[in-house]
Amino acid sequence: MQIEDLRIFITVIRAGSFTAAADQLLLSKQYVSRRMAALEASLGARLLIRNTRKLSVTEAGQVFGQHAQRILDDIHEAEQAVGERRQALHGTFRISMPMSFGMSHLSPLIAEFLSLYPAVRFQVELGDRQVDLIGEGFDIAIRIGTLADSTLIARRLGRLTRVICASPAYLKRAGEPQTPEDLLAHACLRYGREGQTGWELVQDGKRKMLDVQGPIISNNGEVLRDAAIAGLGLVLLPAFIVGPALKKGELVPVLAAHHPAPLSLNALYSQHRQRSEVTRVFLSFLEARLKAQGTE
């Protein structure tokens, strides 16, 4: 049974014939007749009595019609409520998000959100720098990793798994590390800035920090991924950056038993934004969509 069939059935009753109902609905008479036959078949009951002069409604049809009308009224009321809510949600919203994750995961979600709430206007800045949320006038910043202590409110949106991997060519040349300590003898392509590029691994709940070294330090994951594919060393990056290369065999995971700690994905906003309806609705939307995508 389809909602469209309920609408056609109620229109047929009110119009008094298939022809008149088809004209009102801008449908063909044959289509209306087929849909009503399908509706009766799905219910296992005769709803309408057809003859050459007129169309009448059976007792079962009258009962069903009352329920069908209530359903249609409820749907109409729900559509109005959503429409009013969409229009009520408005304003300009400034957001900062990381470059790679923003482009691969958040950009499509922002487009979807704006299609649901067309009165909202977004100003989006993509970049891996740590913005001054209040000083630069951002409503929300999406950040990956450990958060510094601050007066900002943090809402966790999920966790991002990470992988240590390298190209087959590099592993053939340098050998595959068997223990975390072996990484100290390897070329490691490091994310971050000098002095903040150690690798933390976890095994059996125990954390181990390694001061690895290598030819490249960058604050952009794609730069490091491409360097790893080119055979320049091992890399530790979120799965969303290296996933496609792993599937193609351009990169191979190593040290699976000593997995890197996952990264926390958070939304940060100031205290005066916590009562904002746009903030609340947008963060709930992001959390639900990211969870559906598999973000922990």
Do you know which of the residues in segment 256-296 that are in contact (Cβ under 8 Å) with a residue 60 or more places away in the chain, open to solvent by 70 Å² or more (accessible area, probe 1.4 Å) and outside any helix (DSSP H, G or I) is farthest from Leu246 (Cα to Cα)? Gln274
Of the listed residues (Leu237, Leu251), the one being assigned by the TED database to the domain that holds Gln203, within 23 Å of Ala148 (Cα to Cα) and open to solvent by less than 10 Å² (accessible area, probe 1.4 Å) is Leu237
Determine if segment 151-162 includes at least one residue that is loosely packed, with under 15 Cβ neighbours inside 10 Å, more than 22 Å from Leu246 (Cβ to Cβ), small (Gly, Ala, Ser) and without any contact (Cβ under 8 Å) to a residue 60 or more places away in the chain. no
Hey, can you tell me all the residues within segment 218-252 that are assigned to a helix (DSSP H, G or I) and in contact with a His (Cβ under 8 Å, 6 or more places away or on another chain)? Phe240
Cβ-Cβ below 9 Å, separation at least six or inter-chain, first residue in segment 16-40 and at negative phi, second open to solvent by 50 Å² or more (accessible area, probe 1.4 Å) and of a type in the set (Asp, Glu): which pairs? Lys29/Asp23; Arg35/Glu4
If you go through segment 11-24, how many residues are part of a helix (DSSP H, G or I) and either of a type in the set (Gly, Ala, Ser) or surrounded by fewer than 17 Cβ atoms within 10 Å (Cβ to Cβ) (or both)? 8
Failed item, numbered, when Thr179 is tested on (1) without any contact (Cβ under 8 Å) to a residue 60 or more places away in the chain; (2) loosely packed, with under 15 Cβ neighbours inside 10 Å: (1)
Can you tell me which residue is modelled with the lowest pLDDT among those in segment 58-103 that are open to solvent by 40 Å² or more (accessible area, probe 1.4 Å) and in contact with a Gly (Cβ under 8 Å, 6 or more places away or on another chain)? Met99
Scan segment 97-125 residue by residue and report those that are assigned to a helix (DSSP H, G or I), touching a residue at least 24 places away in the same chain (Cβ under 8 Å) and more than 19 Å from Asn266 (Cα to Cα). Glu112, Leu116
Among the strands (runs of 3 or more DSSP E) confined wholly to segment 126-177, which include 1 or more residues that are at pLDDT below 90 and hydrophobic (A, V, I, L, M, F, W, C)? 140-144, 153-160
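The values are calculated or read from the model by the stated rules, or taken from the named source; none is laboratory data. All figures in this text were calculated on a predicted structure; none of them were measured in a lab. A quick note on method: Cβ atoms are made from the backbone with ideal geometry, for glycine too, and the neighbour counts reach across all protein chains shown. Note: accessible area is taken over every heavy atom of the protein model, side chains too, but ligands, DNA and RNA are not part of it. Shrake-Rupley method; radii C 1.70, N 1.55, O 1.52, S 1.80 Å.
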